[in-house]
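To start, the structure itself, in structure tokens.
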Amino acid sequence: MQSDMTGAGRGRRRQAALIRRATVRDAKRLTALVRRSRAYEGPYAPMVSGYRVGPDYIETHRVFVAADETGTVLGFYALLLDPPELDLMFVADSAQGRGIGRLLVAHMVAEAKAAGIEAVRVVAHPPAEGFYLSVGARRTGTVRACPPAVMWDRPELVIDTI
């Protein structure tokens, strides 16, 4: 899947984003993207400080990367099939606001639909709830904090694929 993305009214040059299956060679780059995410600064930092997207995770799950024409990783997601869940989705800070997240969600929906899945669960990072609602998710509940790993409640949502 390829799309032309541009910064929303910021005069950035058009940038092609290609979605491809992640390979084990992407593991370090995906880990770095997670750990450097500004969305996980402050009180959220402990959740990703030691987080690792390992080669075994990439081989086991459906992990897809959005990259530009130079191969720079702009974002990624991981779709679990049983039970269906969007396990990870991150967009590089430098690519925020360019439609990469929407492109990744559209790709995830197509992948889920092709696998015969009618709905995908999302347990969202609290600041990301608005984004998921804007791409068609609906709120189904709240996942309570489970210290020490997660110190805050998180919104539970569903994205329908039909």
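Annotations for the structure displayed:
- Along the chain, longest interval not containing exposed chymotrypsin sites (Phe, Trp or Tyr not before Pro), exposed being DSSP loop plus at most 16 other Cβ atoms within 10 Å: 52-151
- Gaussian network model of the chain, springs between alpha carbon atoms under 10 Å - residue of 30, 88, 74 with greatest fluctuation: 88
- Here the sum of -39500 (n - 2.57) over DSSP H runs of 4 or more residues, divided by the residues of the chain, equals -6500 deg cm²/dmol at 222 nm, to the nearest 500.
- Between the residues 127, 116, 95, the greatest Cα displacement towards the positive end of the dipole of the chain, with unit charges on the Cβ of Lys, Arg, Asp and Glu, is found for 95.
- For segment 69-109, the residues whose backbone nitrogen is under 20 Å from a point 7 Å from the Cα of residue 31, taken along Cα to Cβ, are 72-79, 87-93.
- For segment 54-106 versus segment 128-144, the gap between their alpha-carbon centres in whole angstrom: 18
- Lys/Arg +1, Asp/Glu -1 at C-beta; the chain dipole; positive extreme among 79, 57, 27: 27
- Measuring gaps between exposed loop sites in the chain (GluC sites (Glu not before Pro); DSSP loop; at most 15 other Cβ atoms within 10 Å), the longest gap, sites not included, is 70-117.
- Extension gain, residue 102 to residue 41: 0.36 nm times the residue separation minus the Cα-Cα distance gives 19.7 nm.
- Candidates per trypsin sites (Lys or Arg not before Pro) in segment 98-162, loop by DSSP, up to 13 other Cβ within 10 Å: 144
Every read-out reported here was derived from the displayed coordinates using simple, explicitly stated rules and does not represent laboratory data. Just so we're clear, the structure is a prediction, and the values are computed from it rather than from any experiment. As a convention, Cβ positions derive from the backbone with ideal geometry for all residues, glycine included, and neighbour counts pool all protein chains shown.
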